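Student: Following this message is one structure expressed as structure tokens.
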Amino acid sequence: MQTVGLEDDITIRLSRDHEDLRLHCDVASLSTDQTNLVIRAAAAVLRRCERTLGMDIALTKRIPMGAGLGGGSSDAAATIIGLNRLLNLGWSAMEMAQVGQALGSDVPFFFFAPSAVVTGRGEHVSPVRMKGSRWIVLVNPGFSVETKWAYQELSSSRTYVPALSDQQAALDREHEISWEQIMQAAENDFETPVFAAHPDLRAIKRDLLTQGAEAALLSGSGATVFGVFRDEARAKHAHAYFQPRPRYKVFVVATASGPLIANS
């Protein structure tokens, strides 16, 4: 798992006027009640430290929702990181990951970002150092793929789970990984059922490769497809190719080199 330079912003303020957890988001369609991962993360932190506090939380979204990009998971992790600092809790990355694990399988990774090998259900995170950097083109088709549906389709469409290749198995033993190793090991089992239901996504992958991507894959269970490029110029050329399509959200981003940032 690798972070890239596309980020949401979360601002947390303690309130003296109320004892509720209140969330405001600049995207009206996103639920801001107790089902939101940001609210759930804040509540989990307060339960663990046995405190009752009112908060006003503002979420500015840039990561498309339901896109397979870990936007909700990173927001949850950022909330835990922010409160750890704001409340002077002094929790380690491992302690924060324990809180995050109950919120979602992708959340623990973000406490060890920017790069890690993740196994199990997401609870086993081994940070690694990536040699070199790459530019990523994210192409979101303007619709989402429901994660639960994708897992059901994957489960029903295959009769066995294929063994990891030698290249994939080797990643779990490395502390330093090159992008060339990643390119050799890159695949996504979700592509078979998701591409069957959404042929447009297969076409996006094909076009990214045609535009010069070293590799292109469905991100998570979709619906975003990403291409990996050696340099910014090639990535921007691919971005220009997709940009005229009105439904698409297209981003050119560098692979991020640091952890989530908490500012006072």
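Student: Could you grab me the full set of residues in segment 1-25 that are under 30 Å from S219 (Cα atoms), hydrophobic (A, V, I, L, M, F, W, C) and part of a strand (DSSP E or B)? It would help to see each step written out before you state the result.
Tutor: Initial filter on segment 1-25 (under 30 Å from S219 (Cα atoms)): 1-12, 23-25.
Next, only the ones that are hydrophobic (A, V, I, L, M, F, W, C) stay: 1, 4, 6, 10, 12, 23, 25.
Hits for segment 1-25 are V4, I10, I12, L23, C25.
Student: Also, quick follow-up: Which condition number in (1) modelled with pLDDT of 95 or more; (2) of a type outside the set (F, W, Y); (3) part of a helix (DSSP H, G or I) is the one that A169 fails?
Tutor: Of everything listed in (1) modelled with pLDDT of 95 or more; (2) of a type outside the set (F, W, Y); (3) part of a helix (DSSP H, G or I), A169 misses just condition (1).
Student: Still on this model: Based on this model, can you work out whether A254 counts as farther than 18 Å from A67 by Cβ, of a type outside the set (D, E) and either free of Cβ contacts under 8 Å to residues at least 12 places away in the same chain or assigned to a helix (DSSP H, G or I) (or both)?
Tutor: No, not satisfied.
Student: Looking at (1) assigned to a helix (DSSP H, G or I); (2) touching a Ser or Thr at 6+ places or on another chain (Cβ under 6 Å), which one does D106 not meet, given that it meets all the others?
Tutor: That leaves (1) as the condition not met.
Student: Same structure, new question: If you go through segment 153-171 one residue at a time, do you hit one that is closer than 27 Å to K249 by Cα and not basic (K, R)?
Tutor: yes
Student: Any idea which of A186, A170 is assigned by TED's automatic domain parsing to the domain that holds K236, under 19 Å from M1 (Cβ atoms) and within 17 Å of the chain's Cα centre (by Cα)?
Tutor: So the residue among A186, A170 that is assigned by TED's automatic domain parsing to the domain that holds K236, under 19 Å from M1 (Cβ atoms) and within 17 Å of the chain's Cα centre (by Cα) is A186.
Student: Additional query: Please verify whether F143 is within 26 Å of P259 (Cβ to Cβ), hydrophobic (A, V, I, L, M, F, W, C) and not in a strand (DSSP E or B), treating the condition exactly as stated. I'd like the intermediate steps shown before the answer.
Tutor: Numbers: within 26 Å of P259 (Cβ to Cβ): no; hydrophobic (A, V, I, L, M, F, W, C): yes; not in a strand (DSSP E or B): yes.
So F143 fails the test.
Student: Based on this model, can you work out whether E153 counts as of a type outside the set (A, V, I, L, M, F, W, C), part of a loop (DSSP other than H, G, I, E, B) and touching a residue at least 24 places away in the same chain (Cβ under 8 Å)?
Tutor: For E153, the condition - of a type outside the set (A, V, I, L, M, F, W, C), part of a loop (DSSP other than H, G, I, E, B) and touching a residue at least 24 places away in the same chain (Cβ under 8 Å) - is not met.
Student: Let me confirm something: among T192, T119, which residue is of a type in the set (S, T, Y), in contact (Cβ under 8 Å) with a residue 24 or more places away in the chain and not assigned by TED's automatic domain parsing to the domain that holds A67?
Tutor: The match here is T192.
Student: Let me ask something else. Can you give me the number of residues within segment 121-152 that are of a type in the set (K, R) and surrounded by 14 or more Cβ atoms within 10 Å (Cβ to Cβ)?
Tutor: Within segment 121-152, residues that are of a type in the set (K, R) and surrounded by 14 or more Cβ atoms within 10 Å (Cβ to Cβ) number 1.
Student: Among the residues that make up segment 132-144, is at least one of them of a type in the set (D, E, K, R), in contact (Cβ under 8 Å) with a residue 40 or more places away in the chain, touching an Asp or Glu at 6+ places or on another chain (Cβ under 8 Å) and outside the structural domain of V250 (by TED's automatic domain parsing)?
Tutor: no
The values are calculated or read from the model by the stated rules, or taken from the named source; none is laboratory data. From a predicted model like this one, the values you see are computed outputs, not experimental measurements. Every residue, glycine as well, gets a Cβ built from its backbone with ideal geometry; the counts of neighbours run over all protein chains shown.
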